[in-house]
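The next block holds one structure in the form of structure tokens; read it before the comments.
Nothing in this text is a laboratory measurement; each read-out follows from the coordinates by a stated rule. None of the values given here were measured: they were computed from a predicted structure. Here the Cβ is made from the backbone with ideal geometry for all residues, glycine too, and neighbour counts use every protein chain on show.
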Amino acid sequence: MRVLIDVPDEDLEWLDRKAAEQGKSRAALVREAIAEYRVEKGKQGIERFFGIWRDRKDIGDGLDHQCRMRDDWDRRGDGAAQ
């Protein structure tokens, strides 16, 4: 089925660049984006947010970051673990 949609010029230009880079059609990228959106929106709870910080470069190792945060809480006196 065909669908007519309005897309801002800069988004369409971006989509065309990505399609050319990947050797795919504009329509193929839109179909992939919709499929991925449906999967993401269908996720619940931890499944939806697991790995949300995986690409962050400012916190370093996740466990080290967690320990630093807990140490900071304990120094301020508002940490739950005593």
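Here are the numbers for this structure:
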quantity	calculated
Dipole magnitude of the stretch 1-50, debye to nearest 20 (Cβ charges: Lys/Arg +1, Asp/Glu -1, about Cα centre)	360 debye
For the chain, with +1 on Lys and Arg beta carbons and -1 on Asp and Glu, the positive-most of Leu29, Gly60, Trp14 along the dipole	Leu29
Structure-based [θ]222 nm, the chain - -39500 (n - 2.57) summed over DSSP H runs of at least 4, per residue, nearest 500	-19500 deg cm²/dmol
Length released on extending from Ser25 to Arg38, taking residue separation times 0.36 nm less the Cα-Cα span	2.7 nm
10 Å Cβ shell holding at most 10 others, DSSP loop, trypsin sites (Lys or Arg not before Pro): longest site-free stretch of the chain	3-53
Chymotrypsin sites (Phe, Trp or Tyr not before Pro) within the chain, DSSP loop, no more than 16 other Cβ atoms inside 10 Å	Phe50, Trp53
